[in-house]
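Okay, structure first, notes after.
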Amino acid sequence: MTVVSAALLLFLILDPLGNIPVFLSILRHLPPKRQRVVLARELLIALGVLMVFLWVGKYALEVMHLRQESVSIAGGIVLFLIGIRMIFPPPEGLMGELPGGEPFIVPLAVPLVAGPSGMAAVMLMGSREPERLWEWSLALGVAWGATAAILFCAPYLYRLLGARALTAVERLMGMLLVAISVQMLMDGVAGYLGSLTPA
């Protein structure tokens, strides 16, 4: 795998276009200037998390006796809850009462940008060809940069779409998130059950 193909793969896994409605919904109540600050902070946190998983994720999971299936199941549960709240939003908003009225780490940085699939992908790259860690870091940086550029344009889309169109997209994305989360849960459970099967 080349750096370009790895960057393209990671870009597709990060899925910035699919995350736009969620980011808009969570950040739309903040002032525009604060939106950019929060978005930059969350994207940098997501990049840091992915870099950690790329370089030391495999060893960290071994030390904590955690398995890749556990990460998938946990991420699926979180995304399922977010998807349900997008379809049936509570009066206090998608993420409930947030300190200072803004998200921190969850859910924007993790699991929306740095999700289980992204963590698993970078861990797989790092473990298969550890001698190319710097190349994988470059690929991750390129994919993250493209993701950040798209998500920084998200607030302007709200003006173009309008409240009703955004609400409709939010409900649709909520349904897709629920489907994705169920698939992640099933993959995690199937992987765990498969590991219990005697060779």
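So the values come out like this:
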| read-out | value |
| --- | --- |
| Shape category assigned to the range 20-92 from the gyration tensor of Cα positions, a/c cut at 1.5 | oblate |
| Estimated FRET transfer efficiency (Val3, Ala149; beta-carbon r; R0 22 Å; 0.05) | 0.75 |
| Relative contact order, percent, the chain [alpha-carbon distance under 8 Å, six or more residues apart] | 46 percent |
| Protein-only accessible surface order, largest first, of Met184, Met51, Met175, Met86 at 1.4 Å | Met175, Met51, Met184, Met86 |
| Within the chain, helix-based [θ] at 222 nm, where runs of 4 or more DSSP H residues each add -39,500 (n - 2.57), nearest 500 | -27000 deg cm²/dmol |
| Where labels lie 7 Å past Cα in the beta-carbon direction, separation of Arg67 and Arg164 in nm | 5.0 nm |
| Packing-based ranking, highest mean first, of 107-115, 13-21 given that Cβ atoms within 10 Å are counted | 107-115, 13-21 |
| Mean Kyte hydropathy of 0.5 or more with a Cα span along the axis of at least 24 Å, helices from DSSP in the chain | 32-64, 68-87, 133-152, 154-196 |
| Å² per residue, accessible surface of the chain at 1.4 Å | 54 Å² |
| Cβ-derived FRET efficiency at R0 25 Å, Leu138 paired with Leu193, nearest 0.05 | 0.10 |
| Near-label residues of the range 53-85 by backbone N, under 16 Å of a point 7 Å along Cα→Cβ of Met186 | 73, 76-77, 80 |
| Accessible surface of the chain, 1.4 Å probe, proportion on carbon and sulfur as whole % | 72 percent |
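The values are calculated or read from the model by the stated rules, or taken from the named source; none is laboratory data. Because the structure is predicted, anything quoted here is derived from the model rather than measured. With ideal geometry, Cβ positions are generated from the backbone for all residues, glycine too; neighbour counts draw on all protein chains shown. Note: areas computed on protein heavy atoms with side chains; ligands, DNA, RNA excluded. Shrake-Rupley method; radii C 1.70, N 1.55, O 1.52, S 1.80 Å.
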